[in-house]
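To start, the structure itself, in structure tokens.
The values are calculated or read from the model by the stated rules, or taken from the named source; none is laboratory data. Only a predicted model underlies this, so the values are computations on that prediction, with no experimental measurement involved. Note that we place each Cβ from the backbone using ideal geometry, even for glycine, and neighbour counts take in every protein chain shown.
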């Protein structure tokens, strides 16, 4: 079915050709002296039908010899076919149901309205009963190109979005939406389909929407940080979902940090938390938000230390070097420690101490993360 509208002049009963029946929209004009029947040789999916004929007569739409659906003079309706017969979909509030397989495809940009005339009404979408413990789902699909010649999704393509607007006293303003946006983060192939979910909101006193949260690629970022950067330098990257109405819902909380750009030379100690400080750890310390066991340390370095050299990363809590430690050597650009833990108290200061060996390459930066297992 093509995303095009066929404009056709009729004077009576008409049987469409296969080419004419391959459109997604139909506009019938001309003068009728009686009701006319329009017959599609075959059709499956959604069709938009407009009866713009003169004479005041209806048109009856059917597939082959199947039952017909009447479109009154002056009406524009949406019809759905499962491949054998049409069903009328325009009266959404009237309990019309659709059976059959295949997607419902809208050839134009429709608006499903519920609440404009009855503002307190609720639009309910129900999945009915199920034996597989799964509720209703909504799928949005995006592809470059055309329906007949699709092109693979590209990095930066918006795969879909859900957005909400309100009335500002003058108009329904769509310039500052509150939205969920799903964005591809790489060119898609059969083996690579990276994407992130962005949450956009408009701050109080403003009409400009902005990204508040971005989730994907192992990172939870806020405000304008991208998925690769995480939060700003040395800022806690994720505590979302820790509490729900005052009740803790997570027992293990991931915390992620970015040390930003650095220039830590060989044989130096660097202290990472709220930034890079080579003169001591106090200036870069961060505060642990809840009591718990620290562990699952992961560190990614911007470059390798070099042959026979090392970068040693140690978690320091309350001025005490803990046993939670990772070492990157040679061409390695990361380290971790998923074995050791350290019990820390709420409000304690901590930082990541990184020691470069005497002949190591200058460290250009790092990102790191760990978990707190809450009591």
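So that you can scan it fast, the table gives a plain yes or no per residue for (1) within 30 Å of residue 29 (Cβ to Cβ); (2) surrounded by 15 or more Cβ atoms within 10 Å (Cβ to Cβ); (3) assigned by TED's automatic domain parsing to the domain that holds residue 185; (4) at pLDDT below 70:
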{"site": "50", "(1), (2), (3), (4)": "yes, yes, no, no"}
{"site": "56", "(1), (2), (3), (4)": "yes, no, no, no"}
{"site": "71", "(1), (2), (3), (4)": "yes, yes, no, no"}
{"site": "79", "(1), (2), (3), (4)": "yes, yes, no, no"}
{"site": "106", "(1), (2), (3), (4)": "yes, yes, no, yes"}
{"site": "115", "(1), (2), (3), (4)": "no, no, no, yes"}
{"site": "122", "(1), (2), (3), (4)": "no, no, no, yes"}
{"site": "130", "(1), (2), (3), (4)": "no, no, no, yes"}
{"site": "154", "(1), (2), (3), (4)": "no, no, yes, no"}
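I'd like to know if segment 15-23 contains one or more residues that are touching a helix residue (DSSP H, G or I) at 6+ places or on another chain (Cβ under 7 Å), at negative phi and at pLDDT below 90. Checking segment 15-23: not a single residue is touching a helix residue (DSSP H, G or I) at 6+ places or on another chain (Cβ under 7 Å), at negative phi and at pLDDT below 90.
Being farther than 17 Å from residue 63 by Cα, under 39 Å from the mean Cα position of the chain (by Cα) and surrounded by fewer than 14 Cβ atoms within 10 Å (Cβ to Cβ) is the filter here; which residues of segment 4-40 pass it? Across segment 4-40, the qualifying residues are 4, 7. Of all the numbered requirements in (1) in a loop (DSSP other than H, G, I, E, B); (2) in contact with a strand residue (DSSP E or B) (Cβ under 8 Å, 6 or more places away or on another chain); (3) free of Cβ contacts under 8 Å to residues at least 40 places away in the same chain, residue 43 misses one, and that requirement is (3). Residue check: residue 363 meets all listed conditions (1) within 16 Å of residue 273 (Cβ to Cβ); (2) without any contact (Cβ under 8 Å) to a residue 40 or more places away in the chain but one, namely (2). Condition first: touching a residue at least 40 places away in the same chain (Cβ under 8 Å) and farther than 28 Å from residue 146 by Cβ. Can you find one or more residues in segment 1-11 that meet it? The answer is yes, given that some residue of segment 1-11 is touching a residue at least 40 places away in the same chain (Cβ under 8 Å) and farther than 28 Å from residue 146 by Cβ. Exactly one residue out of 310, 323 is free of Cβ contacts under 8 Å to residues at least 60 places away in the same chain, under 17 Å from residue 270 (Cα atoms), assigned to a strand (DSSP E or B) and in the same structural domain as residue 371 (by TED's automatic domain parsing): that is 310.
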